[in-house]
Structures are given as structure tokens and as C-alpha cells.
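For reference, the structure discussed in these notes is given below.
Values in this text are rule-based calculations from the coordinates and carry no lab data. What you see is a predicted model; the values in this text were computed from it and never measured. Positions of Cβ are generated from backbone atoms using ideal geometry, with glycine treated the same way; all protein chains shown enter the neighbour counts.
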Amino acid sequence: MTFDRAARRSLPTLPLAAAEIPLSGPLPSPVPLTGARREIWERALPYLDVRDNDAHSLYAFALATALLHTLPGAREDVVLPAVLLHDTGWKTVDPADILPAIAGRAGAAGQETIRRHETRGAAIAARILAEVGYPARDTERIVTIIDGHDTRRDALDLDDAVVKDADKLWRLTPHGLRTVGAWFALDPDRTLRFLVARTYDRLLTEPARAVGAALTVLARTDGSVQRSGLDAPSRDE
Ligand SMILES: [Fe+2]
């Protein structure tokens, strides 16, 4: 029997009623942005309107909450504000300098640009956390983590590792792949190869490596499903 892609049969639609959908299930959901976290987020937002950092930070926040589920030794009150605030410093950098620095094309000047977004982000975070009355000890840890979240390869502690991993894992999400592919005018296959090379070996925690592997395999599978024409829109019978 030969396989005819064009003849694949779609099933007739069966609309489910609201009562057939469970209200809540065992799936972990992101920690809500409420209370102090909401205040921090609202104060961070004006600094996050460059480089898709607003959406990036929300995805990294969701990934951090997932990692926290499996790494109970990490402190939510340090990790989550650090994720929300970690990229605020990009706002203070000339936008023309950002992508050459990230691509590694700008040499020492690019390294300085990356370092500047960390030090300025740390200062912005310290100010925002003081404004919302965040505890001084947590603030100190958050600021230390932000000041080195990209350039410090090794983690200072588990909180630092979770922030770094959540930040980098975003690259392998559908949103990260789309965003970075558009920055550098890459097709999906090249985007994935570029980002896997810059991400997978740098993940520091075991759960993040598992998530990274799953996201990479899914993205590769998406590519091969599309290439083989199996994702053609289904037809009603
Ligand atoms: Fe980031």
C-alpha cells in the first residue's frame, strides 16, 4: 500500500461543551503576577520595551516557575523578581549596539555592551526593589544575580542557576526561536542550530537540561513534520 499525503483524511469536528472541560487539572500553572511581583513587573515594564524583553521576561518567568517546582531548594522570592528585572538594563544601551553584541560581531566593544546592560540593570533593579519596599537581604541577592546574569558562566548558588537557566531556556521556546530568527534573518533550521549551540551546554541545572532537550527535539520535529507536508491544514469531510 502506498502512502498518499494528499489523501489524508481529517475527522469531522466534534465541539466539546464547557462542562466537558475540567476547570483545573494537575498541570503546573505559572505563579500569578500578584502583590509585590505585580508592582515590580509594572515598574520594570517601561524598561522592557526594547528587544522583545517584555515578552521574553514573561516566558522566562513562566520557565522559572516550572523549574522552581522541581528545585525546592531555590528561593522563589529571589528568583522570580530577578527574572522580571534582569534585562531592564538593555533600555539604557544604544539599540544599534544590541544585536552586534549578542551576535559576537562587535568584539570587546560588544562585551562591554553586554556588561553595561548587566550593571545598569542591577542599578535599576535596586531602585525598583527599594521603591516597593522589598526586603533588603533578598534585594541584595537579586541585584548580585542580575549583575552577571549573562557574563558570569558559573552560578553563585542555586537561585542564580535557576535565573540563568530560565533566561536561556527561552531561546529554545517557539517564541524565542521566532524572535531570534527574526533578529538575525535566519530560517527555522539555522535559528535552532544557532541557539542550541549557544544554550544547551550552558544550562546549569538538571531540570533545565531536560526541558532544553525536550524543546529542542520538539522544534526539530516541527521542522521535519513541516518539510514532509504532514502539517497541512486538515479538511472537513
Ligand atoms: Fe534575558
Nearest-ten-degree value, helix 53-70 long axis tilted from longest Cα axis of the chain: 80
Trypsin sites (Lys or Arg not before Pro) restricted to the range 81-141 and DSSP loop, no more than 14 other C-beta within 10 Å: 105
Rounded tilt (10° steps) of 107-131 against the dominant C-alpha axis of the chain: 80
Within the range 163-225, chymotrypsin sites (Phe, Trp or Tyr not before Pro) in DSSP loop having at most 14 other beta-carbon neighbours inside 10 Å: 184
Contact order relative to length of the chain, as percent, for alpha carbon pairs under 8 angstrom and 6 or more apart: 22
Degrees between helix 188-199 axis and first principal axis of the chain (Cα, 0 to 90, nearest 10): 40
Helix-derived mean residue ellipticity, 222 nm - over the chain, DSSP H n ≥ 4, -39500 (n - 2.57), to 500: -19000 deg cm²/dmol
